[in-house]
Amino acid sequence: MQSENGSKGTLRANALGPFGVAALGVVMMAPALGIYANLGPLSGYAGKAAPAVFLTALLCIMPSAISYALITRELPSAGSAYTWLSEAVNPFFGTCVGLLQAALFFFAVILQPILFGLFLNELAGQLLRYQPGYGTWMIGVLVSTAFVALLAYPGIQLSAKSSIALTVIEAGVVLALACTILAVAFSRGRFDLTPFNPSATLQGSKGFFQGLVFALLSFVGFGVITTAAEETHSPRSVIPRVVVLACVLLGLFWALTSWGFCVALKPEAWGLYLKEGVNPVGVIAREYWMGGSVIVMITAITAVMGVYLASVVGYSRVAFAMGRDGTLPALFGRVHPKFQVPWIAQHLVLIVTLVVTAIWGRWLGLYLAYAWWGSVVVFFAMLTSIFVNIGCGLYFYRFRKEMFNWFWHALIPLLGIVASFIPLYYSFGTDMWRAGWKQGQSIIVFCALVLVGVVLYTGGLSYSRPDVLRRHSIGAAS
């Protein structure tokens with residue numbers, strides 16, 4: 001296919017069937033990591049009310065997931081929100097949103113080797129009986145990045161059967177450990193339902209909304225499913241179903257399994273372990289499973305690798321679509337002549353990831369580096385969700401009036417906008433600013449600089465290459 005900017009390249013059509021898309025979705029959302037990675041910082045703020053926070057996050061994300069599904073059915077594209085907003089509103093606005101979405105996936109990539117290194121440290125500490133630190137962590141960063149590079153270049157066709165099998169095993173380990181904890185608690189006469197009460201948070205509403213950031217982080221991956229549209233067989237029917245079902249089933253899974261973990265530690269203990277650089281879930285696993293806790297760390301490591309690979313897929317596909325259209329440099333729109341993957345975009349994100357993780361790990365410490373980039377990812381995920389909801393309503397109102405329904409195309413997007421704005425307002429407001437430079441102010445400043453950079457870049461593009469931002473909208477004809 002000849003793109004508008006003159007570069008050649010197409011993604012491999014029909015590379016994924018329904019099973020493959022489901023594999024990409026479950027791998028990216030990683031049921032195990034919602035507990036292994038995010039429950040620690042979530043409970044550090046919210047204490048024992050983690051199940052209530054996970055259910056709130058599900059309610060926040062569902063309207064946006066429905067909007068993603070509705071518009072994907074009409075405009076399946078590797079560009080995802082970039083393509084949708086370009087058609088529903090205008091190319092200038094769509095390009096801004098596309099850059100934000102590319103940034104979201106880019107930052108999600110950075111997050112994964114940080115997490116891999118943390119779990120590798122935990123595993124090394126258990127097996128080798130010594131206290132690992134920055135050096136061992138960096139080995140994990142390098143090894144995971146090299147492994148993902150080898151897997152990413154041959155193409156999007158993850159081994160669907162093995163990917164889902166691994167994810168089922170990982171989820172099964174989490175569920176088994178949670179059930180073990182609950183069984184012990186019940187045998188001792190403790191049946192505690194307060195974790196499902198939002199008012200049981202450790203620090204009141206402040207702790208609830210700060211914990212909500214990490215519950216929402218668990219859901220961020222559903223958007224990557226839509227970027228596989230051009231490589232999926234029957235994307236109009238397959239992808240919408242996978243998006244909605246993944247959010248519902250995993251949200252309930254995290255709420256139920258976190259219940260078990262929350263009764264295993266005192267609310268104050270979560271934050272204390274994190275300050276010491278210790279994963280609280282690992283502590284719980286050792287207490288209840290003793291030597292069997294090694295299984296928990298191994299499944300955590302395999303889960304991170306799946307998310308790492310899926311994040312690279314998401315970023316490189318959005319960058320490819322924008323490079324193909326000329327809204328990013330043309331080199332991003334080129335694919336490998338043999339494997340038909342956006343290999344230049346993949347090169348860039350992996351190289352930057354190595355540099356950034358090394359700097360942030362040294363500057364903030366290992367767990368704070370994860371919390372820092374996790375907060376950034378959630379900020380751009382919520383912002384992108386707001387724009388996708390806007391685009392969904394406008395697209396159906398402007399180009400599909402015969403299909404327009406006030407419930408699905410007006411009320412649901414409006415709920416999505418509100419549900420995405422509330423976490424932004426309360427989680428990234430004055431409380432985060434008061435948290436100090438390292439844990440709050442630097443995050444807000446960084447996000448603001450990225451937003452300003454997006455607007456300036458798009459403005460410069462409209463001046464230097466106005467033809468790119470004036471292309472004919474295909475919304476009415478698609």
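Bear in mind these aren't lab numbers, they're just calculated from the coordinates by the rules spelled out. Please read these numbers as outputs of a predicted model, since none were measured by experiment. Backbone-built Cβ (ideal geometry, glycine too); neighbour counts: all protein chains shown.
Ranked by the mean number of other Cβ atoms within 10 Å of their residues, highest first, the peptides 426-439, 37-50 come out as 37-50, 426-439. With coordinates expressed along the principal axes, the C-alpha atoms belonging to the stretch 240-311 extend over 41, 24, 24 Å, beginning with the largest. In terms of packing, defined here as the mean over residues of other Cβ atoms within 10 angstrom, the peptides 358-371, 57-70 line up highest first as 57-70, 358-371. Subtracting the Cα-Cα distance of VAL168 and ASP467 from 0.36 nm times their residue separation leaves 102.8 nm of extension gain. Summing +1 for each Lys or Arg and -1 for each Asp or Glu among the other residues whose beta-carbon sits under 15 angstrom from that of GLY133 gives 0. Residues in the stretch 286-299 carry Karplus couplings, in order, of 5, 5, 9, 10, 6, x, x, 5, 4, 4, 4, 5, 5, 5 Hz; the curve used is 6.51 cos²θ - 1.76 cosθ + 1.60 with θ = phi - 60°, and Gly or Pro positions show x. Sorting 267-275, 309-317 by their mean Cβ neighbour count within 10 Å, with the most densely packed peptide first, gives 309-317, 267-275. Note on ALA183 and LEU150: the extension gain reaches 7.6 nm, defined as 0.36 nm multiplied by sequence separation minus the Cα-Cα distance. Grouping the Cα pair distances of the stretch 18-470 into 10 Å bins from zero gives a pair-distance distribution of 4, 22, 33, 27, 11, 3, 0, 0 percent in increasing distance order.
Roughly how many nanometres apart are two label points built 7 Å out from the Cα toward the Cβ at ASP192 and ASN405? Result for the modelled spin labels: 4.3 nm. Between PHE421 and GLU287, the FRET efficiency estimated from the beta carbon spacing at R0 = 56 angstrom works out to 0.90.
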